[in-house]
Amino acid sequence: MCSWFILTDKCRSANRPNQGIRGPRSALTDFLSSQNIQAHQIRANANARRAAAALAAAANVQNNADGDDDADDDENEEDNEAGGSTSTTASRARAREQKKQKQEAAIAKIKESKLYIKKKQQKLAREKKHKRKRGGDSPDLPESDSDDLARALLDEKPGPVPGQMANCEICDKRFTVTPYSRAGPNGGMLCSPCGKKLAKDQNDAKKNKKPKLAAQGGGGRRKMQSRILDGTYHVGAKPLMNLCIETLAKNIQLADGLGDLPPRVVDLIARKLSKHRLLGPDTLRLFLDPRNDAVSLYDAARLSSQDYVTIFQQVTQLKKLKLRNAIQFKDEVMQYLITRNLNLDSIYLHGANLVSEACWIEYLKAKGEHLKALQIYYMDKHVNDAVVSTLKVSCPSLTRLKLCHNQEVSDDGIKLIANLVKLEHLSLQLIKKTKTDPYVAVVQSLGKQLQTLSLKNIADVDNRLLDAIHENCTSLKKLRVTDSEHMTDAGFARMFKGWKNRALVFLDLQKCRHVDPAKPRENEHMVGLCSEGFRAIMTHSGTNLRYLNIHACRHISAAAFEEVFAEDKVYPQLSKLEISFCEEVTDFIVGSIFRCCPALKELNVKHVKVPKGRILVGVPNAIGMQIEGVDD
Amino acid sequence: MDLSKYITLVSKDGFEFVVLRQAAFISPAIKSMLDPRSQFQEAKTSRCIFGEISGEVLEKVVEYFHYWYKNKEREDVPDMDIPVELCLELLMAADYLGLDSKANPDRQVRY
């Protein structure tokens, strides 16, 4: 031990190559020693420098604490620092001057350092907060303040140097300081277990803070995009009603009942609950008011067959039943419904694919005469042509019929629909391939009274349907014909020119276009909705149209758009326009659309081809789309 | 006659709230009550008395009016805090005053 000290001491004083026996040396050490540079000498110098700095800092702290009025003390200290020399006043003044300069240089250096900038920002933020609370405003930190901050940093006691031993601030255990040792809350060092614990606590605190912040804001950029696509985006605060319903949905388990809320509001609550899948056997009771004649459940997936029976037992005046995802709505529930004295006039059932064909027919025969509306979605194979055939006799007062995704309904079923003489609203979306003739038969027989005609996915249906609509339909308000690959531009133009029907309110002709993967741009026979048809539509229905969807009607020319949305044209009602994948639309046309449609709320222009070098402003992006102008 | 910038809302238990006229007009019900062209008493005195809304609820409604007015042009607005115990009563009041999405001019129409 003693000899080691002597050895190192010798080395330091002798300032010559290390002669002690050591392990293998690196190439760098060899190189440095050949250049007469000694690692331990550098270390020794650095240690000396640090010790001097620590001493000076300690003196400084004391100095500041004592204050400037104590001049004697100050001088004494400086005497000490100078090593007790008997210097003159001049040299003392010079030393003081030098010290001051050094300090100023150090302060300047600190001001440039990252730590200082960070601390300053923190302080600024704190200040601002205070100011805001007091109601004033001050943009920046005063200069004297920032000097104080730098001085405080300078005066901060430097912690133990890495490699040194120290006592942990929390557990008092002795440990070796490393560059990774953490500083404790009071400025001391922490041993590694205590440091880890502290880090964990801090992280936890951070984690606890974050979700709160997220809940406060309206949501991030992604959420906003999602709201734009959902169509629920709007500028400004949410309506009070929505806020209340959201709060209610969050605390639905506390609610005993919904009191005397009007059915409209109850319906909104039901929708909100379903969105979060909160509707279950326990929350069902909130929606079963015996005084109501309607029950609408938008996500009934968690209800059992017994729960459905409960609905019929409690709501004895039930007339309108609307159930989505009604998976457990089985034969036994239907049987119960048949045996009760309940006469529904409106049934909306989605996903009840366990109800058998026989049961459907039995129900329709027993209770069908009261039915005015029947909407059936996703019933698998059990709603078929046989079920449709019973409608004529057993449901004489049916005015609304909707069949969506029922795999077994075919052309024969459609022909049978033509016999439902009171039908006013008809929507069909069938899975089986269908031909034109059955639809023509339906339109010929019901055309006069039909107000809604919605035919989705009718790829093989051709112009004859359009001609039949032109001939027969006179009271249509809503028309949807989608995905046709055989209808032509001439057919659409013929239908709308001189049509006796009043102007439509809702028109959806999406994806009525020519499809040829080999030559997508060529359209010799003008298949699908093209320029002439589009002009005819807007001439006939432009004044009344509120919703227009011509998604992917790719062959409508720019000239037709420019003509339709010319300067002198106005479409006062149009509030939603979907022109995605119409390739000829340019920014000029979009501008014209906004000019011609004062009521436009939503314009969807996905994949519109914008000419090179031009900018399309107003595409729904991260910032969202705002319509210019003032509201009343 | 020049209309005052403020109006007074009175709850059934006698609490009075003075509200910015423009802020209260988010409610179509109040707007039509105070329409100067109408001959309603409310329009003349700029005082609306709500016989069915308690002071506690009306206070929250008034808070909402100002919250709405302050955030009128903003995007990504933080939600206002609704006390759970007032939720149902507030919902009734919101329905009565027409504070649903139809009242919002920037509402997007869904079909």
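What to note about this one:
- Candidates in segment A:248-260 are the residues that are open to solvent by 20 Å² or more (accessible area, probe 1.4 Å) and within 7 Å of chain B (Cβ to nearest Cβ); of these, the one that is farthest from A:Lys275 (Cα to Cα) is A:Gly259.
- Answer residue from segment B:46-86, given it is open to solvent by 40 Å² or more (accessible area, probe 1.4 Å) and under 17 Å from B:Phe15 (Cα atoms) and is farthest from the other protein chains (Cβ to nearest Cβ) among those: B:Arg47
- Across segment B:12-27, a minimum of one residue is classified as in a helix (DSSP H, G or I), out of contact with any Gly (no Cβ under 9 Å at 6 or more places or on another chain) and not hydrophobic (A, V, I, L, M, F, W, C).
- Scoring A:Glu362 on the criteria (1) in contact with a helix residue (DSSP H, G or I) (Cβ under 6 Å, 6 or more places away or on another chain); (2) part of a helix (DSSP H, G or I) leaves a single failure, condition (1).
- Failed item in (1) in contact (Cβ under 8 Å) with a residue 40 or more places away in the chain; (2) closer than 25 Å to A:Ile228 by Cβ, with B:Pro78 passing the rest: (1)
- Subset of segment A:461-504 (residues that are surrounded by fewer than 19 Cβ atoms within 10 Å (Cβ to Cβ) and of a type in the set (A, V, I, L, M)): A:Ala490, A:Ala503
- Any hit, segment A:326-335, residues being open to solvent by less than 30 Å² (accessible area, probe 1.4 Å) and β-branched (Val, Ile, Thr): yes
- Single condition A:Gly413 does not satisfy, out of (1) of a type in the set (Gly, Ala, Ser); (2) closer than 26 Å to A:Ala493 by Cα; (3) open to solvent by less than 10 Å² (accessible area, probe 1.4 Å): (2)
- Filter pass, B:Arg37 being free of Cβ contacts under 8 Å to residues at least 24 places away in the same chain, surrounded by fewer than 15 Cβ atoms within 10 Å (Cβ to Cβ) and more than 13 Å from every other protein chain (Cβ to nearest Cβ): yes
- Checked against (1) among the polar types (S, T, N, Q); (2) under 27 Å from A:Asn604 (Cβ atoms); (3) buried (at least 18 other Cβ atoms within 10 Å of the Cβ), A:Gln451 passes all but a single condition, namely (3).
- Checking A:Asn523 against (1) part of a strand (DSSP E or B); (2) open to solvent by 10 Å² or more (accessible area, probe 1.4 Å), the condition it does not meet: (1)
The values are calculated or read from the model by the stated rules, or taken from the named source; none is laboratory data. Treat the numbers as computed from the prediction; the structure is a model and nothing was measured. Don't worry about glycine lacking a Cβ; one is built from the backbone with ideal geometry, like all the others, and counts go over all protein chains shown. For accessibility, only protein heavy atoms count, side chains too; no ligands or nucleic acids. Shrake-Rupley method; radii C 1.70, N 1.55, O 1.52, S 1.80 Å.
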